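Here is the structure we will look at.
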Amino acid sequence: MSDVRVDDVRRGHGVTPDTAPDDMSGPSSGPVDLRGSADTGGRLGRRAMLAAALGTLGAGVLASSPVGRGDAAHAAGEPTAPASGAPGAAGTATPGAPSGVRRSSASATLAAAIAGTEAHGTLVVDRSETTAVPVVVDRPMTLLFEAGVELRTTRDVSALVVRADDVTLRGATVVGSGSATSGKARGVEVVATVGAPVRRLRVSGCSISRFSYGAVYLEHVRDFTVDGNVLTDLAYAGVMLFSCLDGTVRGNEVTGVHQSGSFPNSYGIAVNRYWNQSIDVAPRSERITVADNVVSDVPLWEGIDTHGGREVTIVGNRLTGCAVGIAVVPCKSPDGATTYAPLDCVVASNTVDAGTLAVPRNGIVFKGAGFGSGTAVEEGTGAILDNTVTGYGGDTLDAAVCVYFTSGLVVARSVLNGSIARALNIYTGNHDLTVVDTLVTGLTSRTTQRPSVIDVRHHDNSALIVRTRYVATPGSRADAVGLYAAVGGSTLDLVDNDWTATARAVYCSVENTLARLHDGA
C-alpha cells in the first residue's frame, strides 16, 4: 500500500503508489525462544535453531516469537489533518447515566434534535432525513436509529461528524451521494489530534454506503469499537484508522471498494499513520484488533492493511476477491524514507481466497522497513499463524505468503492452496525466520518457470524450515521444486520436510549455506 499524505486528502486526491513493492503492495511441547541470547546479538545461532527444531519433531506445533498482546483497534485512512477549532473534543469524564430519551421527530432536524439532547442522553432517530451538510455530534450521547430510518446526503459531504468523547452510533442507515468519483465524503468521520484525542467511540450495527471516500474514518481516536456494520459501495475504504489506539474492528462486512477516480489504491480495513507528519504528531496506530470481519471485492488493492502499526492483531477474518489479502507493511517518515516497520503484529486464523481475480498478487505480505533487496532500516516482528490462502501469487514478488525485512518472524501452520509460481516467498532480509508445519497443494505457473513450494528469492536470509509438505492436485504443474534458492547469501536449515510430490526437492546455489536434517527426498 502507498503511504498517504495529509495534503492529498485536503485536495480530495489519493497518492502516487510507492515504487517499492510494499503493498503487494496440535498442542506444543512448550515455547521455543526465538529471540536469541545477548551474546548472539539477539539472534539465535544455527545450532540452537536446529536443536530447537529437533525438540519439536513429533510434538506438534512450534511455539511463537514475541508478538502483539493487546486486544486493540487500529487506525488507517486517508489524511485529513484536523482543521483548527475542529475535532478533538477533550475530556475524560466517565459517561453518566442518560437523564432522558428524546425522539428526533420532536425537532425540525436531526441537528436540532442533537442540540436539544442533554450530555450522556439518548436520542432515538425515528425519522428519515436528507442533508446537504454534515450532521455534527458535539456532546457525549447515544444515537439509536430505528429500523428503516435513513440519513442521506445530497452533496459530496460526510454524513455524521463526531467531535466528542463517549458517543455511540447504533443501527444507522447512512447513504452518501455516490462513490463513482474520488472525494472526501465519509459516512462517519472523527478527526482529532494527538494531544486531544476522541475517546470511547462505538459505531455498531450500521449500514453505510455510497461515499466518495469511505464508510468509517477515525483519526486520533482511543478506546473505540467498530462492530457489526455493513459497509458497501465505497470509493476508497471501508474502515480507515490513523494514529488510533486501543480499539477493535470486529464482525463487519465490507464489500465493493472501487478505487474510484484519482485514488491509486483502496482498502477494506486499514490501520495507518500519516507519513508526511512527524512521529510525534502522527504516531503509530497501536493495540488494534481487526477480527471476524468479512471483506470482499477490493479487486485493485488490499483487503486488510497496516502501515507501521504496533501490536496490530488481524485474526479470524474472511477475505475474498482482494488483489492483496492482508498487508502488514512499513510506513515512511516525512523525508520520504521507508522508516517504520510493523512491530509485534499477528496475522492468525484468517481465510484469504483470490476468488475470480484475473491478477491476484500476495495473499499475505509481511514486510519490515527497507529498500528493494538491500538493507533493512527497521525489521518487522510478529507472527503469521494458522492461515489458509487460496489462489495467490504470480509475479516475482507475489506468493500466497511473502515475507521480507523481518526478525524472528514465525510462519506456522499455513495451508496454501492453488498458488501461482510460488507458495511462500522468503524474499530478502529475513533474519531468524521460522517456517513450520506448512501444507501446500497444487502449484501452477503462468510462465515456463518451474513453480516452487518455497522460493528464497534473494540474499541475506536465515531460515529454519520444518515439516513442509507438498501435495500435487489435478491440473498442477508436474515440474514443481520444493525449495528454490538460486541466489546466494542465505543460511537455510531444512528439517523433516516432505518433498516427495515435487519433481526436485531442493535447488540451491552453492553460495548459500544449506543444512538438511531428516529432510525428505
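Quick rundown of the values:
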item	result
Overall form of the stretch 100-167 per C-alpha gyration tensor (a/c, 1.5; a/b vs b/c)	oblate
Label-point separation in nm, Glu150 to Ala503, each point 7 Å along Cα→Cβ	5.7 nm
Gain on full stretching of the segment that runs from Val194 to Arg446 - 0.36 nm per residue minus C-alpha separation	85.9 nm
Shape of the stretch 335-408, Cα gyration tensor, a/c cut at 1.5	oblate
In Hz, Karplus ³J(HN,Hα) per residue of the stretch 139-147 (6.51, -1.76, 1.60; θ = phi - 60°; x = Gly, Pro)	8, x, 5, 10, 10, 10, 8, 6, 4
Sorted largest first, extent of the stretch 308-521 alpha carbons per principal axis (Å)	48, 40, 28
Full-stretch length increase - Arg103, Arg170 - with 0.36 nm per residue and alpha-carbon distance subtracted	22.7 nm
Residues of the stretch 159-193 with amide N under 12 Å of a point placed 7 Å along Cα→Cβ from Thr130	177
Centre separation in Å (Cα based) which lies between the stretch 145-185 and the stretch 288-302	21 Å
His518-Ala180 pseudo-label distance in nm [points 7 Å out on the Cα-to-Cβ vector]	6.3 nm
Whether the stretch 112-254 is rounded, prolate or oblate, judged on the alpha carbon gyration tensor where a/c under 1.5 counts as rounded	rounded
Highest average packing first - 134-141, 209-216, Cβ atoms within 10 Å	209-216, 134-141
Contour excess over end-to-end distance, with Cα ends at Thr473 and Leu300 and 0.36 nm allotted per residue	59.4 nm
Highest to lowest packing among 183-189, 308-314, scored as the average C-beta count within 10 Å	308-314, 183-189
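FYI, it's all coordinate maths here, none of it is from the lab. None of these values were measured; they are calculated from a predicted model. No Cβ is skipped: glycine too gets one built from the backbone with ideal geometry, and neighbour counts run over all protein chains shown.
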